[in-house]
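Below is one structure, written out as structure tokens; comments come after it.
The values are calculated or read from the model by the stated rules, or taken from the named source; none is laboratory data. Computed from a prediction, not measured in an experiment: that's the story for all the values here. Cβ placement follows ideal geometry from the backbone for every residue including glycine, while neighbour counts extend to all protein chains displayed. Heavy atoms of the whole protein, side chains included, go into the accessibility calculation; ligands, DNA and RNA do not. Shrake-Rupley method; radii C 1.70, N 1.55, O 1.52, S 1.80 Å.
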Amino acid sequence: MPTRDHAGTGADPAPVIERVRRSVEGVIEGKPEVVRLALTVLLAEGHLLIEDVPGVGKTMLAKALARSVDCSVRRVQFTPDLLPSDITGVSIWDRRRQEFEFKPGAIFAQVVIGDEINRASPKTQSALLESMEERQVTIDGRTHRLPSPFLVVATQNPVEMEGTYPLPEAQRDRFMARVSMGYPSPEAELRMLDTHGGASPLDDLRPVAHAEDIVKLIDTVRGVHVAESLRRYTVELVSATRAHPDLGLGASPRATLHLLRAAKATAFLDGREYVTPDDVQTLAVAVLAHRLLPTAQALLERRTSEEVVREIVLRTPIPATAEHTTGRRAREDGPESRPRRPR
């Protein structure tokens, strides 16, 4: 990242985000792209869904990110008997004061780790809907604001595994991005044996950034410039999911907003004050795929939503020009009729 002031903040944000990145990568071996996506979601004011089989480091990634920032952290182990009030809180009658007193639940933290979120019932899962979207909780007619920054990092096992419930469409749509950890490379697994063999590296992890630092970075990301042509490009990508023959349910307008916010955060992480088509294309699968529902015929043909998104990205023409923060036209990025291949 550049050493100059970024987007008019008056201070270089590179050391802060670089410290957090190194801290998390010190725990998660060989997964820099996963760590980068987690940081992107944090700076874009989103929530992250980590989906994979047990034992590949889903919860460890969430804990490493939470412990790298000096903020309040709560962990919730989702089980079939977990109640909605365990998450949101409950009002209890105080006999001494003759009034109800609100007891906050686990959601009242700056970083909330939801472990195995799809092991809880849909009723309990739905308790997160208001807090994830509006950053508030309404109990007995009273609204309680959640702290800032506010990030939900949820882990999920594949729904084919025993004892799991598929997340409802409304719940999946609240997550800005979904990522799969995947198995580490043999080299990374060997390094893991050295670093994790004696003790967990989480034990020595200390905060390397303050919550106030993250709030300032989030404000900076909001100011990253997006050209009008790229806004239209983002809308075209998302709209194409709603008309694709292999999809029974396309992406929502919320997905469009999430994709644009994530693209801004990616540009920020690269030290740029403007978004490029590559930023949007790189994030398309992570931001859109988990919201889509393939048709029955597509499932029979083993077509995945990830494949459909990649196909849409390849077919959608990229904008020929982009406006930078000065409002002037930049050089042409390439022929409008030739889309770029996503990375």
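Structure values in brief
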| quantity | calculated |
| --- | --- |
| One residue from 151, 217, 146 being out of contact with any strand residue (DSSP E or B) (no Cβ under 7 Å at 6 or more places or on another chain) and hydrophobic (A, V, I, L, M, F, W, C) | 217 |
| Of all residues making up segment 31-60, the number that are touching a residue at least 24 places away in the same chain (Cβ under 8 Å) and either aromatic (Phe, Trp, Tyr) or under 16 Å from residue 269 (Cα atoms) (or both) | 13 |
| Among (1) in contact (Cβ under 8 Å) with a residue 12 or more places away in the chain; (2) of a type outside the set (Ser, Thr, Tyr); (3) under 21 Å from residue 47 (Cα atoms), the one test that residue 145 misses | (1) |
| Scope segment 251-268; condition in contact with a helix residue (DSSP H, G or I) (Cβ under 7 Å, 6 or more places away or on another chain), open to solvent by 20 Å² or more (accessible area, probe 1.4 Å) and farther than 20 Å from residue 50 by Cα; matching residues | 252, 256, 260, 264 |
| Looking only at segment 102-117, and only at residues there that are in a strand (DSSP E or B) and open to solvent by less than 50 Å² (accessible area, probe 1.4 Å), the one that is farthest from residue 52 (Cα to Cα) | 102 |
| Count of segment 102-123 residues which are out of contact with any Ser or Thr (no Cβ under 9 Å at 6 or more places or on another chain) and in contact (Cβ under 8 Å) with a residue 40 or more places away in the chain | 2 |
| Residues of segment 125-149 classified as in contact with a Ser or Thr (Cβ under 8 Å, 6 or more places away or on another chain) and assigned to a loop (DSSP other than H, G, I, E, B), total | 4 |
| Counted residues, segment 66-100 - those being more than 30 Å from residue 204 (Cβ to Cβ), surrounded by 14 or more Cβ atoms within 10 Å (Cβ to Cβ), in contact with a helix residue (DSSP H, G or I) (Cβ under 9 Å, 6 or more places away or on another chain) and not hydroxyl-bearing (Ser, Thr, Tyr) | 5 |
| So residue 149, is it more than 30 Å from residue 21 (Cβ to Cβ) and surrounded by 13 or more Cβ atoms within 10 Å (Cβ to Cβ) | no |
| Residues satisfying the stated conditions in segment 71-99, i.e. over 21 Å from residue 167 (Cβ atoms) and either without any contact (Cβ under 8 Å) to a residue 60 or more places away in the chain or in contact with an Asp or Glu (Cβ under 9 Å, 6 or more places away or on another chain) (or both) | 73, 89, 90, 91, 92, 93, 94, 95, 96, 97, 98, 99 |
| Verdict on residue 137 being touching a Pro at 6+ places or on another chain (Cβ under 9 Å) and buried (at least 18 other Cβ atoms within 10 Å of the Cβ) | yes |
| Segment 153-172, subset surrounded by 12 or more Cβ atoms within 10 Å (Cβ to Cβ), among the hydrophobic types (A, V, I, L, M, F, W, C) and part of a loop (DSSP other than H, G, I, E, B), residue modelled with the lowest pLDDT | 161 |
